[in-house]
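Heads up, the thing below is written out as C-alpha cells.
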Amino acid sequence: MQERIVTRFAPSPTGYLHVGGARTALFNWLWARHTGGTFILRIEDTDQKRNTPTAAQQVMDDLRWLGIQWDQGPEAGGDNGPYLQSQRRDIYDKYIKELLDKKKAYYCFETAEELDTLRKQAEAQKQGFVYRRPTEFPSTEDAEKARARGRPVTVRFAVPDESVMVQDIVRGVITFAAGEIGDFIIRKSDGFPTYNFACVVDDRLMNVTHIIRGQEHLNNTPGQQALWQALFSDEPLPKYAHMSVTVSDTGGKLSKRERPKALRTAIRHALSVAEGTMQDPAQAPPAKAGVDLDRLAEAGGIAREQLDSFVNGDTTPDMPIVGAMAQYLGVALPEINIVDFFKSGYLPEAMVNFLALLGWNPGDNREVMVLDELIEAFDLARLAKANSLFDRQKLLAFNTEHARLVPGETLLMHFKNYLEEVESPVACAEDQLLSRIVRLCEGARTLADIERKCRFLFLDNDEIEYDDKAVKKVLLKNDGLGVLAVVRDKLAVMNELTDQAIEDMLRSLAEEKQVGLGKVAQPLRVAICGTTISLPIFDSVEMLGKENALTRIDNTLRKFGTHIYEEKA
RNA sequence: GGCCCCAUCGUCUAGGUAGGCCUAGGACACCGGGUUUUCAACCCGGCAACAGGGGUUCGAAUCCCCUUGGGGCUACCA
C-alpha cells in the first residue's frame, strides 16, 4: 500500500519569512498537494537567544499571503502536536535519556571557549575538527558535580564509527566516510535540544515521509540519519531531497543582510557626494546628495552614535529601523523578505510562480503558471541540482503577466490589501472607483505602479508636488504653459466632463494646432498630477472633476507662468 | 584548512537517467523597428551558451577523469 505522503516546513522564528524559506515551504507544500498528502508547519523555536516573539505569527501571515495552507501546525491543529518545539521538551528528554541509558550518548562539560581552542588547533593542523570521545562516559553523578562546579553540561550523540550513505532524490547517493562525522551536541546546557536532534525526533513522530530542504542541510544529514538509526531503527528512513540554494546577484546565498548593506552603501554614497569625494558619480545610487545624519537617526528612531556605528560597518540595526531610514532617504532596498515584496506591490500569484521556477521546471516550455497548474505539474524528480540566481527582472515580468491574468476581483482585493499595507491615501477610495482605476491600468507592472498613477486623485489640490523634470520638459518648453491656458479655457466652458467629451476637446485642439495629441495632453497632465505619469488623461480629468481640474491648472499657471497668466487675466 | 554539492546564452532553464532527433529550444534582460495621450503594455526582428583539457566511442552538451570556477557546511543557529 502506498503510504500517505507527509511533508513539513520547519522554520525557526527568528525573523520574517524570506524568499529562501518561502521557496522551501512552497516545494514541500506543492509536493503534498500534488500527491494528495499532508503538509505540516512546525516551529523550531529551540534557540531562546534568537527567537523573537512576533516572528512565528509573521511567518504564518506571509505563508497565508502566498496561499500556502498547512494541514497541521499552529492555528490548524492536528494529531501530532504540539507543533512548537519549545512545547515538546519532555518528549526530547525522554529520547535523550534513552540514548544516555544505552550509552549511545554522553555528557560533556567543555565551555564554548575550550571547544573553540580545539577547533582552531585542528584547523592549524589542516584537519577537520572532530570531537574526540572520552573512553569512559561520565555518569549522571559526574554531570551533577560538574553542574555544581558551574560547568556547562551538554549531551552529545555517540556517532557510530561507520560510513554513512545518504540517498538523496536530487543528488543520488552521497557517501560520508567513517570518522568524518563528529559526535554532535543533542542537548544544550540550557536543557533545550539542538536542531539536529529535535528535527529527527519530530520527523519520526509526525510521520514525515519526505524531507525537502536546502542544500545547506546536506552535511547535517548523515548525522541525522545515524540518530534515526539509533532511535528508530525499525522505521524506514524518510526520503531526502536537498534543493539547490538561491543565490543573490551580489554573490553568495541570498540573505537578509543585503538590506542593511544596501542602505549603508547609499548613505556612504550620499555623504561622499556631499564631500565631493565620490569616485565615480555615474555609479551613484539615486540618493540625495548630503545627508543630515541627526535627522536620519531620528527617522530610524535610534541614537546618532548607533547610526555612526552602522555607517562604519560595526553594527547593524533591526530591520524596521533599516526600512524607516531607507524610506526617509528615498532609497529602494532590495526585497528579501516576503513582506518586502508585498510592500513593493508584487502579487502572491507571481511570487509563487517565480519561486517555483527557482530550481524546478515542468519539463516543457511553460513558465507562467497558476497555482493549480503548479500543483499538477510539480515533481521532485525534476528538481535542478545547480544553484539559481534570484533574478528580479524576471520576477517583475512574471508580476506583469499575473496582474493581467488574475481575475478583476482578485486584483482589486490585492490592490486594497496593498494600499492598507503602505498606508496610501488611495486606501479611502470606494470599490467602484478603485475597480475603474485598476481596469485603466492594464499592463501595469506592480500594484505600486497603479498606486502611483492614481495617487493624484486623492490628494488635496495644494498637495500636488511638481516633478522638476516634468515641469521643465512639458510646461516650460514649446509653449506648454500657453497650451495649458488654452486647454483651461476650453475646459471651463464645457458642460459635461466625460472622458469622451474631454478626448474630443483635446483631439480637436491638437488638430487645430497641427500638433500631436501629446503636445496638448501632457501640459494638462502635469498640471493636474504634477508628473508625466498618470492614468489615461481623459479619465484622469473626468475623475478629478471640473472644479478640481481648473483649480490645479490655475495653480500651475500661477506658479510657473505668472506673466502669461496675468496677460490672460 | 577539512568535508560536501554544482557547472548549457548576461539571467532562469530545456536537452543529460536510454550518446546520433541539437546547424542546442524557450523565457527574462538587452539591441533594432513598429504602435502610442504619459508610464507601462503590446507587435515584429536581432544578438547570445554546451568553462578548459584529456579520455571512452563510428559518433558526446549528454558517459569517465583531471583542472578551473562557483556555492554550501564546518556553532551549546536552524
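What to note about this one:
- Chain A, relative contact order [Cα under 8 Å, separation at least 6], %: 11 percent
- Sorting A:Met505, A:Met325 from the fewest to the most surrounding beta carbons within 10 angstrom yields A:Met505, A:Met325.
- Fewest neighbouring Cβ atoms within 10 Å first, the residues A:Val164, A:Val19, A:Val370 line up as A:Val370, A:Val164, A:Val19.
- Averaging the sequence gap over all C-alpha pairs within less than 8 Å and six or more residues apart, then dividing by the number of residues, gives the range A:176-266 a relative contact order of 25 percent.
- Integer Hz, Karplus 6.51/-1.76/1.60 couplings in order for the range A:304-313, x for Gly and Pro: 4, 4, 5, 5, 4, 4, 5, 4, 6, x
- Peptides A:295-306, A:516-527, A:458-469 ordered by packing proxy, namely the average of other Cβ atoms within 10 Å per residue, highest first: A:516-527, A:295-306, A:458-469.
- Taking amide H as placed 1.01 Å from N in the peptide plane, A:Val247 has its amide H under 5 Å from the amide H of A:Leu254, A:Ser388, A:Leu389, A:Phe390, each at least 5 places away in sequence or on another chain.
- Formal net charge of residues neighbouring A:Leu383 (Cβ-Cβ distance under 14 Å; K, R +1; D, E -1): +4
- Distance between the range A:295-354 and the range A:167-194 - C-alpha centres, whole angstrom: 36 Å
- Protection proxy ranking, peptides A:386-397, A:117-128, A:37-48, average beta carbon neighbours within 10 Å, highest first: A:37-48, A:386-397, A:117-128
- Bins of 10 Å from zero: percent of alpha-carbon pairs in chain A: 3, 13, 20, 21, 17, 11, 7, 5, 3, 1, 0
- Estimated [θ] at 222 nm from DSSP helical runs (n ≥ 4, -39500 (n - 2.57)) normalised by residues in chain A, nearest 500: -14500 deg cm²/dmol
- 3J(HN,Hα) along the range A:186-201, derived from phi through the Karplus expression 6.51 cos²θ - 1.76 cosθ + 1.60 where θ = phi - 60°, amounts to 10, 10, 7, 5, 8, x, 7, x, 8, 3, 4, 8, 4, 5, 5, 4 Hz, with x in place of Gly and Pro.
- Most to least packed among A:11-18, A:170-177 [average Cβ atoms within 10 Å]: A:11-18, A:170-177
- Once the C-beta distance of A:Arg119 and A:Glu367 is scaled by a Förster radius of 51 Å, the resulting FRET efficiency is 0.65 to the nearest 0.05.
- Once both labels are positioned 7 Å from their Cα atoms along Cα-to-Cβ, the gap between A:Glu110 and A:Glu141 label points is 2.6 nm.
- By the count of other C-beta atoms within 10 Å, a proxy for reagent exposure, A:Cys108, A:Cys428 are ordered fewest to most as A:Cys428, A:Cys108.
- Here the Karplus curve 6.51 cos²θ - 1.76 cosθ + 1.60, taken at θ = phi - 60°, turns the phi angles of the range A:175-184 into couplings of 9, 10, 5, 4, x, 7, 9, x, 5, 9 Hz, with x standing for Gly and Pro.
- In this structure, the amide hydrogen of A:Thr315, modeled 1.01 Å from its nitrogen in the peptide plane, lies closer than 5 angstrom to those of A:Phe310, counting only residues at least 5 positions away or on a different chain.
- Scanning residues 5 or more positions from A:Ala158 or on other chains, those with amide H under 5 Å from its amide H are A:Ala105, A:Tyr106, with H placed 1.01 Å from N in the peptide plane.
- For the range A:453-499, Kirkwood radius (reciprocal of mean inverse C-alpha pair distance, Å): 12.7 Å
- Taking every lysine pair in the range A:145-275 that is 8 or more places apart or spans two chains, those with Cα atoms closer than 27 Å amount to 4.
- Förster radius 60 Å - calculated FRET efficiency between A:Glu442 and A:Asn219 (Cβ-Cβ, nearest 0.05): 0.75
Quick note: the coordinates plus some simple rules give every number you see, no bench work behind them. Bear in mind that the values here come from a model prediction, so they are computed numbers and not experimental data. We place every Cβ from the backbone using ideal geometry, glycine too, and count neighbours over all the protein chains shown.
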